[in-house]
1. Can you give the longest run of chain A that contains no chymotrypsin sites (Phe, Trp or Tyr not before Pro) sitting in a DSSP loop with at most 12 other Cβ atoms inside 10 Å?
2. From the C-alpha coordinates alone, can you work out the Kirkwood hydrodynamic radius of segment B:30-69, in Å?
3. Report, to two decimal places, the Cα Rg of segment B:4-63 normalised by 2.2 N^0.38 Å (N = number of residues).
4. Based on the inverse mean of 1/r over its pairs of different Cα atoms, what is the Kirkwood hydrodynamic radius of chain A, in Å?
5. So what does A:MET75 come to for accessible area, using a 1.4 Å probe and Å² rounded to 10?
6. With a cut-off of 8 Å between alpha carbons and a minimum separation of six or more residues, what is the relative contact order of segment A:5-155 in percent?
Amino acid sequence: MNMSFKEKSTWLSLVATLLIFGDYAISVVIMDANVLNPDEMIEVAMHNLGSAVLLIIIVEIIFQSLIAAGSRNKMEIDGDERDRLITLSSNNSGYWVLSIGVIITLGHLILPYVFGIEFSLEERTNIPMFKMHLLLFTFIVAEIVRFSHQIYLYRNDAV
Amino acid sequence: MASANKINNKVRECRFFANEMTQQDLAERVGVTRQTIMAIEKGKYSPSLEVAFKIALVFQKSLEAVFSYDAAIE
């Protein structure tokens, strides 16, 4: 496949995010409240989150360095005007997803106090530190959308 | 961002007449990636004025000899 350094780097970030944070998300969602008490659930979630963050940093450093080492010239690593346009365009997509997630989280926080509406997703799930995870998952989805849009633009030779 | 279809170019043709200059060679002279030259040749990406001028300079031609604007395509 004919790929520039930036495209390879984006593929790596997408796959690493999907695998590492996907695994973390599954581990949090399937936590069994019958087996663990709330404090233990938070402890396990924080331990898994710490491991996920550490792992993604290590994976990114090692593999991005390997990709950079395999690149032909400095221009490819720095990127050109088309790379910058693609980055801007995909950042915009990620921003929309992040904004929607933040608005949903704010709504979830504000509605019970302002309008007295008891709409709590929190009670329907076993996810510990629900509001933090809502924001975290929003951020992860925004990143996945951003990387996917970037790859789509690279694959279509378009901006 | 410019609409890709409105700007036509003869970059492929110019490369051919420049002793079959490779995309990589042109990319290095212009200061962009080979993928960008490929996208320009396919008409999928319209370069900035600066890059367009640099490409024309490499082939020692005027900008109009390499790039043209087709107002009919909307």
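1. Working: sites that count: A:PHE115, A:PHE119.
Of all site-free stretches, the longest is A:1-114.
2. Numbers: mean 1/r = 0.0976 Å⁻¹.
About 10.2 Å for segment B:30-69.
3. Against the empirical 2.2 N^0.38 Å value, I get 0.98 for segment B:4-63.
4. Values: mean 1/r = 0.0561 Å⁻¹.
Evaluated on chain A, it is 17.8 Å.
5. 60 Å²
6. Numbers: 114 pairs, mean separation 62.2, N = 151.
After rounding, I find 41 percent.
The values are calculated or read from the model by the stated rules, or taken from the named source; none is laboratory data. Bear in mind that the values here come from a model prediction, so they are computed numbers and not experimental data. Cβ atoms come from the backbone with ideal geometry, glycine included; neighbour counts cover every protein chain shown. Areas reflect the complete protein model, heavy atoms only, side chains present, ligands, DNA and RNA absent. Shrake-Rupley method; radii C 1.70, N 1.55, O 1.52, S 1.80 Å.
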